[in-house]
Amino acid sequence: MNIRLTGSSLTPSEVVRVARQDAIVELGKEAVEQIGVASSFVRQIVQDEAAVYGINTGFGSLCNAHIGLRDLGRLQENLILSHAVGVGRCFNEDEARATMLVRANTLASGHSGVRLEVEQLLLELLNKHVYPMIPSQGSLGASGDLAPLASLALVLIGRGTAKVHGEILQGQAILDAIGAKPVVLEAKEGLALINGTAVMTGVAALVFSDARTLLRAANLAAAMTMEALRARLEPFDERIHDLRRHAGQGAVARDILSYVAGSKLIGTCDEVQDAYSIRCMPQVHGAVSDTVDFVENVLLNELNAVTDNPLLFPADGDVLSGGNFHGEPVALAMDYLGIALAELASISERRTNRLVNPALNRGLPAFLTRDAGLNSGLMIAQYTQAALVSENKVLAHPASVDSIPVSADQEDHVSMGTIAARKARSIADNVATVVAIELLAAYQAIDILDGEDKLGLATGKLFAQLRKCVPPMDGDRMFIEDINALRALIRSNAV
């Protein structure tokens, strides 16, 4: 089913479908009409020759420079050329596709002023699998994602670099490869393409989707760890969680109970209490769940927001200059999500430590190997977890608390929202590996206990699924292959 853009109805799941599953994107009828009205309004402003920021003036601190009618197209092209100064690794293909989709949805709302042919070319790039090479560093998150979006805009005007069907092309060759022609920018169009939060929001939508997947995988891994440690169920009693009143906490407790229902391993240890990494799982995983829900609400608003400047209101005859390009809502949400995901990895590593540590694992062999000494087992796999958890602590430092004035102090407070989104994505990537290692350790522990037939209904199915990816572990081998297999299983949302 195609994704239809209206400017007001895009969802995070649709971003994932386009970015990662190559769903086709088309314009809704209302979007076509909205774009036509706005572009006609811009043409009228140009004819009237009154000074309007972004249409016939300079940009940033040069806003008082009036540009003559003959130079308006050159003004917009110069804007793209001068602003495409991003550096560093390029965004991944799914990140670039998400960015293009979010920007197209903003333009579809009819408050930006581009012509229909500009919007259509942007969608053609998406639908014909053109992957613009967009450097990931250089955005301050206000005035929007200027530098990375300028690199995207270069492709529309026959410049820049992109990958088409696996081949890296430059300039006009990119559009030639898909039988398209470059656009010649007119008034307002260059600014409309680059002045907004499309990059941070597109990346954020992907991180949000990954966070949902990681949380569910972490809950399942934790449930199997509980069985391997023969943990107690009292901490998951709904009466406890009803007294705390946090929705995520209660939901996680219910999920864990459902996963281990029917287990013959749960509660068979002699210890009165479990460690916090087990006992407080609903409180920690639940707080992560509530954070993910908060981020979803921010994204539903931002995906359908108009974030460039100035904004056109054709029905009122107004052009208003404001600050919707400021990425603070996304910046704060991504910092919050990054912190939450870092905690998900932190508690997962502690549970894994309890599985491999002979002083804590309730009779399981050291490092979950049957012949310790000759074999190291999962000793160093837990090192890898520890390293990633430590790295996440650095990455989780909030980007949004920083600001550096630019543009001769005209832009004197910025969000760093794109840095926040990039960091959150890196944290999510690390979490996938950490949870994969916990899954591997819990799987090995259950195998050592010969407990496959004693698992709960859901964890039993999970064990059978893992068995298809990871053969029995009778001795040391290249465990990284097992970790990568489970990581891929998690990232594909197949757990």
Listed by range, helices (runs of 4 or more DSSP H) wholly within the stretch 265-378 having at least 3 residues that are under 30 Å from Leu191 (Cβ atoms) are 281-302, 328-356
Of the numbered conditions (1) part of a helix (DSSP H, G or I); (2) of a type outside the set (Gly, Ala, Ser); (3) closer than 15 Å to Leu154 by Cα, Lys181 fails exactly one; give the number of that condition.
(1)
Could you list, ordered by first residue, the pairs with Cβ atoms under 7 Å in which the first is in the stretch 32-46 and closer than 15 Å to Ala192 by Cα and the second is of a type in the set (Val, Ile, Thr) and buried (at least 19 other Cβ atoms within 10 Å of the Cβ), at least 6 apart or interchain?
Ile35/Val114; Ser39/Val114; Val42/Ile55
Quick check on the stretch 277-288. Is at least one of its residues under 27 Å from Thr197 (Cβ atoms), aliphatic (A, V, I, L, M) and crowded, with 23+ Cβ neighbours inside 10 Å?
yes
Out of the residues in the stretch 433-461 meeting the condition of being surrounded by fewer than 23 Cβ atoms within 10 Å (Cβ to Cβ) and hydrophobic (A, V, I, L, M, F, W, C), tell me which one is nearest to the chain's Cα centre (by Cα).
Ala458
Could you check how many residues of the stretch 380-423 are touching a strand residue (DSSP E or B) at 6+ places or on another chain (Cβ under 9 Å) and not in a loop (DSSP other than H, G, I, E, B)?
3
Residues being farther than 11 Å from Ala228 by Cβ and not in a helix (DSSP H, G or I) - total across the stretch 440-484:
11
Asp255 - would you say it is touching a residue at least 12 places away in the same chain (Cβ under 8 Å) and assigned to a helix (DSSP H, G or I)?
yes
Filtered residues of the stretch 185-237 (kept if at positive phi and either in contact with a Cys (Cβ under 8 Å, 6 or more places away or on another chain) or in a helix (DSSP H, G or I) (or both))
Arg230
Residue list for the stretch 138-156, restricted to those being touching a strand residue (DSSP E or B) at 6+ places or on another chain (Cβ under 9 Å) and assigned to a loop (DSSP other than H, G, I, E, B):
Gly138, Leu140, Ala142, Ser143
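Listed here are the residues, each with its yes/no results for (1) crowded, with 22+ Cβ neighbours inside 10 Å; (2) part of a helix (DSSP H, G or I).
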| position | (1), (2) |
| --- | --- |
| Gln44 | no, yes |
| Gln47 | no, yes |
| Asp71 | no, yes |
| Glu77 | no, yes |
| Val85 | no, no |
| Arg97 | yes, yes |
| Val102 | yes, yes |
| Glu117 | no, yes |
| Glu124 | no, yes |
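For (1) touching a residue at least 12 places away in the same chain (Cβ under 8 Å); (2) closer than 25 Å to Gln47 by Cα; (3) assigned by TED's automatic domain parsing to the domain that holds Val183; (4) within 27 Å of the chain's Cα centre (by Cα), each residue gets a yes or a no:
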residue: Leu72; (1), (2), (3), (4): yes, yes, yes, no
residue: Leu75; (1), (2), (3), (4): yes, yes, yes, no
residue: Leu79; (1), (2), (3), (4): yes, yes, yes, no
residue: Gly86; (1), (2), (3), (4): yes, no, yes, yes
residue: Cys90; (1), (2), (3), (4): yes, no, yes, yes
residue: Glu93; (1), (2), (3), (4): yes, no, yes, yes
residue: Ala98; (1), (2), (3), (4): yes, no, yes, yes
residue: Ala104; (1), (2), (3), (4): yes, no, yes, yes
residue: Gly110; (1), (2), (3), (4): yes, yes, yes, yes
For the stretch 104-115, which residues satisfy the criterion of being assigned to a loop (DSSP other than H, G, I, E, B) and of a type in the set (Gly, Ala, Ser)?
Ala108, Ser109, Gly110, Ser112, Gly113
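The values are calculated or read from the model by the stated rules, or taken from the named source; none is laboratory data. What you see is a predicted model, and the numbers here were worked out from it, not measured in a lab. Every residue, glycine among them, receives a Cβ derived from its backbone with ideal geometry; neighbour counts consider all protein chains shown.
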